[in-house]
């Protein structure tokens, strides 16, 4: 095709305009530097690059977000007035705006997965969140929480599912880029922690400024370990690539061990157990009978079990075995006792506000009056520090009522049921994809087990990988559906 010489889109025309714009920009920027002593205009090329990515390469933008999430820094660590994580939250907010524009001008692009059960569960969850915000005791806090949840979930799920479906290779890049950045953070943390002889107290803050504390840090590491294990056995990668993956896995496991995050350990071991069950195809009836037997034993010996727990005086320690023992210490371990205090507050708040709760995001501001003197610990506070309700489920119940917790549980169940159905279907058609999806599911297992003991989905550090993993599952489910429909059409034409 012949291109007109005076066309802006021609190579010579584009080159001329690029050179002209570059000269103009350099002149203006130098003037600003000399006269105003400001470097703000130096950010213009970066801004223009992201404008290009938003409108012409959303898949590349997703990979940029994945790469920077573990390395992102919350500005509130330096200025309490700026509670924004840079650069991920502004990038996600921009994607949310683009989602609304696309929904207005190109609504048909979302139609293929609007009937998906996970999408429906998300819509129900957000609908109830909206109603709970309307009835909030602190409207400003709740609407801020609602908008923040929109930009943490909607871009990752809707854009993510579309990008991962149309460009399947981005699924693995999305995971691996986060792993690379996380390995950098873990290496930094381990080196810093080593200077303190891997002490238990120091483990709470040595990962700063990248992660706020050891619990969210451990949770992030646990999320990626299962899928990285499956990558190691994927012959799609060269021996060199798998060697570096093995090194990355060793670094992550060391980071998980020295995070001293007992909740992250618990999530990791549950995922390992579930992985063994799935891989060795242990029949569900045996698992169900085992669970019933265990439940029966707990009910029969509940008094002895409680008495035993009350006698456990082992506090958290840098000794791994002792740290595991301290998980059941409900008599002297301040961390465990404070978690129970926060749970009791959540239950009392829910009892007073069973339908709409106190409002999304309000727990930390309203729980103080619900503390009883018998529950207080040496680390109790009325300021909402040291985490919120220490449970995604109880926190959701306190803030959005019992119906809100039900919608959240429904969302989690929809994700896992759809995920395992997708895994089973892929086992018949593409075993490599199936193993990848199993790794993703087990990564989510580590978090949602952890979610009984902590709540981090309001942080981009956890929200990006969790909802990104969900988008990968749904994208593969849609691929399975499309392949089945394709085969049906082919069989009809034969």
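The values are calculated or read from the model by the stated rules, or taken from the named source; none is laboratory data. Keep in mind the model is a prediction, meaning the values are calculated, not measured. Cβ coordinates were reconstructed from backbone atoms using ideal geometry, including for glycine residues, and neighbour counts include every protein chain displayed.
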* To do: State whether one or more residues within the stretch 349-357 are under 25 Å from the mean Cα position of the chain (by Cα) and either surrounded by fewer than 18 Cβ atoms within 10 Å (Cβ to Cβ) or assigned to a helix (DSSP H, G or I) (or both).
  => no
* Taking residue 335 and the conditions (1) assigned to a helix (DSSP H, G or I); (2) buried (at least 16 other Cβ atoms within 10 Å of the Cβ); (3) at pLDDT 85 or above, which numbered condition does it fall short on, given that it satisfies the others? -> (3)
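Consider residue 490 carefully, then state whether it is surrounded by fewer than 23 Cβ atoms within 10 Å (Cβ to Cβ), without any contact (Cβ under 8 Å) to a residue 60 or more places away in the chain and in contact with a helix residue (DSSP H, G or I) (Cβ under 8 Å, 6 or more places away or on another chain).
Considered against the rule, which asks whether it is surrounded by fewer than 23 Cβ atoms within 10 Å (Cβ to Cβ), without any contact (Cβ under 8 Å) to a residue 60 or more places away in the chain and in contact with a helix residue (DSSP H, G or I) (Cβ under 8 Å, 6 or more places away or on another chain), residue 490 comes out as no.
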* Quickly run through the stretch 359-394 and pick out the residues that are farther than 15 Å from residue 344 by Cβ, touching a helix residue (DSSP H, G or I) at 6+ places or on another chain (Cβ under 6 Å) and outside the structural domain of residue 131 (by TED's automatic domain parsing). => 359, 360, 361, 362
* **the stretch 438-452, residues that are surrounded by 23 or more Cβ atoms within 10 Å (Cβ to Cβ) and part of a loop (DSSP other than H, G, I, E, B)** => 451
* To do: Could you please let me know if residue 188 is within 16 Å of residue 217 (Cβ to Cβ), in the same structural domain as residue 214 (by TED's automatic domain parsing) and assigned to a helix (DSSP H, G or I)?
  => yes
* Asked: In the stretch 229-245, what count of residues is obtained for those that are touching a helix residue (DSSP H, G or I) at 6+ places or on another chain (Cβ under 6 Å) and either crowded, with 22+ Cβ neighbours inside 10 Å or over 23 Å from residue 449 (Cα atoms) (or both)?
  -> 4
* To do: Residues that are more than 21 Å from the chain's Cα centre (by Cα): find the helices (runs of 4 or more DSSP H) completely inside the stretch 77-174 holding 2 or more of those.
  => 88-105, 117-134, 139-154
* Scanning for something in contact (Cβ under 8 Å) with a residue 12 or more places away in the chain and under 15 Å from residue 456 (Cα atoms), does the stretch 365-382 turn up at least one residue? -> no
* Some residue of the stretch 97-111 being surrounded by fewer than 20 Cβ atoms within 10 Å (Cβ to Cβ), over 20 Å from residue 50 (Cβ atoms), in the same structural domain as residue 160 (by TED's automatic domain parsing) and touching a residue at least 24 places away in the same chain (Cβ under 8 Å) -> yes
* Which numbered condition residue 397 misses (of (1) more than 26 Å from residue 224 (Cβ to Cβ); (2) in contact with a helix residue (DSSP H, G or I) (Cβ under 9 Å, 6 or more places away or on another chain); (3) free of Cβ contacts under 8 Å to residues at least 24 places away in the same chain) -> (3)
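Any residue in the stretch 311-325 that is under 27 Å from residue 466 (Cβ atoms) and modelled with pLDDT of 55 or more?
Within the stretch 311-325, none of the residues are under 27 Å from residue 466 (Cβ atoms) and modelled with pLDDT of 55 or more.
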* Have a look at 471, 463, 434 and point out the one that is without any contact (Cβ under 8 Å) to a residue 60 or more places away in the chain and within 20 Å of residue 170 (Cβ to Cβ). => 434
